[in-house]
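The values are calculated or read from the model by the stated rules, or taken from the named source; none is laboratory data. Remember, it's a predicted structure, so these values are computed and weren't measured experimentally. Glycine also receives a Cβ, built like all others from the backbone with ideal geometry; neighbour counts cover every protein chain displayed. These area figures cover heavy atoms from the full protein model, side chains too; ligands, DNA and RNA do not enter into them. Shrake-Rupley method; radii C 1.70, N 1.55, O 1.52, S 1.80 Å.
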Amino acid sequence: MQIANEQLRDFILDSGLLEKDVIEENFDQASKENKKFGDLLMEKKLISEIDLKKLYSYILGIPFVSLEKEMIANDILHIIPEPIAKKYGIVAFEKEGNNLKVAMKNPEDLQTIDFIRKKTGLKIVPCLTSEDNIKIILKQYEKSLKAEFGDIISKDSANVSTEDGEDDLEKIAQDLPIVRIVDTLIKHAILQSASDIHIEPAEKEVRVRYRIDGILHDAMTLPKQVAGGLIARIKVLSNLKLDEHRLPQDGRFKIEKEGYKISFRVSILPVFEGEKIVMRLLDETSKGLTLEKMGLTGESLEKVHQNIKRPNGMILVTGPTGSGKTTTLYTMMDILNTAEVNISTVEDPVEYRMPRVNQTQINPKIGMTFAAALRSLLRQDPDIIMVGEIRDGETMQIAIEAAMTGHLVLSTLHTNSAAGTLPRLLDMGAEAFLVASTVNVVIAQRLVRKLCNDCKVAYKLEEKEVKNLQESFEMTEIMEIFKKEPQLKGIVNAKSTWKNIDFFRPKGCEQCSNEGYRGRQGIYEVLAMNEEIGKLITANASADEIENKARQEGMQKMYEDGFIKAALGVTSIEEILRVTKE
């Protein structure tokens, strides 16, 4: 937008949004570097995009609109076709008679306004909005597509030829209806932010399910005649043997389109009715996660940051399958990934590609096991080693030796709690004094679904509910933790009881597809090694004794972290119960 730097500076001075000396200093910098003053203030996070756009709207005399929570009627939204809306950053949101109100990033783009006017035959009323608002509305185009998917699938399923049988699988895989069905299934899954697609053959049909936020949902049912073509098409995409139906196969493929780059990890398994396919979706465009965004806070976060900065030792992440362990390891590697260090990994499979990290895929069929790969890797002069999982005593022994000889080792184990990890290592054959001297920190985690901010409903616990919870959790202890927790300042005070603290329930709305939840976050317990806990390990203490000692020294249990997040409105108590029950 053509707003002079001087004009914007004068308006910001008048508005009192920033101190005068901050404005002048940045104005001088913008002039020297020949930059737009507004862009520089946004870069430095001195002003938000919304505030800046509101100033622009005031200067230009064009109304500013916020469309974050608006659901626009399909007939109005589609007045401007999706490709044009995406390309020019313009969306229609209201129609009165012959007037069409449009939201734009740049209302001075007269060429686009004129183009829309000629195309629609309506009088265009431009309004200013932020880039984020445009992105939110563009997602509504995608949601309206979902309704069309059912029709596409049923039409194409009816057109699938079954005459070729097994003779020409490659021809079936290239058949246009099959190609369209597979493309539609994948696009549907991407729009719903699914982490996995399950394609399951039954006696008379093929069931498709998506895992969204850790929970499987029925997506659609296809006629049995498409099963052969569907499997053949996915095998072609994944570079797998088309004529192999008796053995499991694993493959990969990648889809890159405007706006997303997604890698698919494919597993095909023979079952009674044919072959079952599970595709794991890995979004390669997702912004770098931080430990804070994942849900680590307070002392737990400090302990993790202190220990990943140490030059040697072991950092262990533990939890069941699908609890986000690998994501936590990748996030730590992202923090550690600098030009000064050599990071090497041994994984099964390699989930995400990371720049500057040497990633090795194991292959037990040819003798490339975790232990064999790790032994070779130690001759590659690594500073930091990530072992996908410690599965056996040999891998564990090499990992401990690596941690002793000046390497930082990151790995995962399958145990239920942080304290239970240490006796587990002893059970696998580790020497107690080596575990005590090499393990830096153990992180146990689970993933809970986050409540949808647009529809969550506040409520207070009744006496009966508190009694029921008392059977599973130490509610008195949790209340004591609440009263000391800095994050709950203003929510909980010294006189608080369970009857006057707000918790939240899911309700369901358009924004979360009536689920009540959107996205996931971790709940954690972090056990940092110290002299006292080291002594307990060398004395072969039980997991309970180690846990009690760690609790005395301030370790929060996983469910306690969950209750804090429930009181903050991040998740619900039902979710804490779902993921922590053992």
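With +1 on each Lys and Arg Cβ and -1 on each Asp and Glu Cβ, and nothing else charged, work out how big the dipole of the stretch 299-443 is about its Cα centre, in Debye to the nearest 20.
Working: 11 positive and 15 negative charges, 28 e Å.
Taking the Cα centre of the stretch 299-443 as origin, the dipole is about 140 debye.
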per DSSP, antiparallel bridges as share of beta bridges in the chain, % nearest 5, sits at 65
Checking the stretch 304-410 for GluC sites (Glu not before Pro) in a loop per DSSP with at most 12 other beta-carbon atoms within 10 Å yields Glu340
Amide H neighbours of Asp168 at under 5 Å, excluding residues fewer than 5 places away on the same chain, with H built from the backbone geometry, are none
The Cα extents of the stretch 228-349 along the principal axes, largest first and rounded to whole Å, are 53, 34, 28
Using a 1.4 Å probe on heavy atoms of the protein chains only, the accessible area for Thr321 in Å², nearest 10, reads 120
Residues whose built amide H sits under 5 Å from the amide H of Asp213, excluding neighbours closer than 5 in sequence, are Ser195
Dividing the helical contributions, -39500 (n - 2.57) per DSSP H run of n ≥ 4, by the residues of the chain yields a 222 nm value, nearest 500 deg cm²/dmol, of -12500 deg cm²/dmol
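What does the charge count near Lys549 come to, summing +1 for each Lys or Arg and -1 for each Asp or Glu among other residues with Cβ under 14 Å from its Cβ?
Values: positive: Lys535, Arg551, Lys557; negative: Glu525, Glu531, Glu532, Asp544, Glu545, Glu547, Glu553.
That sum, taken over residues with Cβ under 14 Å, equals -4.
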Listed by chain and number, the aspartates and glutamates with an alpha carbon less than 18 angstrom from that of Lys119, same-chain partners under 8 positions apart left out, are Asp75, Glu82, Glu94, Glu96, Asp109
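Could you check how much of the accessible area of the chain is carbon and sulfur, as a whole percent, using a 1.4 Å probe?
Working: 13910 of 29250 Å².
The value for the chain is 48 percent carbon and sulfur by accessible area.
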So the pair-distance distribution of the stretch 242-297, from every Cα-Cα distance in 10 Å bins, comes to percents of 20, 32, 26, 17, 6, 0
Here the net charge surrounding Ser376, from other residues whose Cβ is less than 15 Å away from its Cβ (Lys, Arg +1; Asp, Glu -1), is -2
Taking trypsin sites (Lys or Arg not before Pro) in a DSSP loop with at most 13 other Cβ atoms within 10 angstrom as exposed, one finds the longest site-free stretch of the chain at 357-494
Heavy-atom accessible area of Asp544, protein chains in place, probe 1.4 angstrom, given in Å² to nearest 10, is 110
Treating every alpha carbon of the stretch 357-490 as one equal point scatterer without solvent, the Debye formula yields log10 I(q)/I(0) values at q = 0.11, 0.13 Å⁻¹ of -0.63, -0.76
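Solvent-accessible area per residue for the stretch 492-578 at a 1.4 Å probe radius, Å²?
It amounts to 45 Å² per residue over the stretch 492-578.
Projected area of the stretch 290-376, taken from the Cα convex hull and averaged over every viewing direction, in nm²? Mind showing how you got there, number by number?
On the way: hull surface 27.0 nm².
Orientation-averaged projected area of the Cα hull: 6.8 nm².
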Within the chain, the cysteines whose Cβ lies no closer than 4.7 Å to any other cysteine Cβ are Cys127
accessible surface per residue for the stretch 187-284, probe 1.4 Å, DNA/RNA/ligands not counted, whole Å² -> 50
Summed over the other residues with a beta carbon less than 14 angstrom from that of Pro248, with K and R at +1 and D and E at -1, the charge totals +3
To the nearest 20 debye, the chain has a Cα-centred charge dipole, built from +1 on Lys and Arg Cβ and -1 on Asp and Glu Cβ, of 820
Looks like the stretch 1-91, by Cα gyration tensor root eigenvalues a ≥ b ≥ c and the a/c under 1.5 rounded cutoff (else prolate when a/b is bigger than b/c, oblate otherwise), is prolate
Rounded to whole Å², per residue accessible area for the stretch 1-125 with a 1.4 Å probe reads 59
Checked against a 20 Å limit on the C-alpha separation, the offending pairs among Lys507/Lys557; Lys325/Lys581; Lys499/Lys581; Lys187/Lys235; Lys187/Lys456; Lys224/Lys257 are Lys507/Lys557; Lys499/Lys581; Lys187/Lys456; Lys224/Lys257
For Lys53, the lysines lying under 19 Å Cα to Cα, once residues fewer than eight places off in the same chain are dropped, come out as Lys35, Lys36, Lys44, Lys45, Lys69, Lys101, Lys105, Lys135
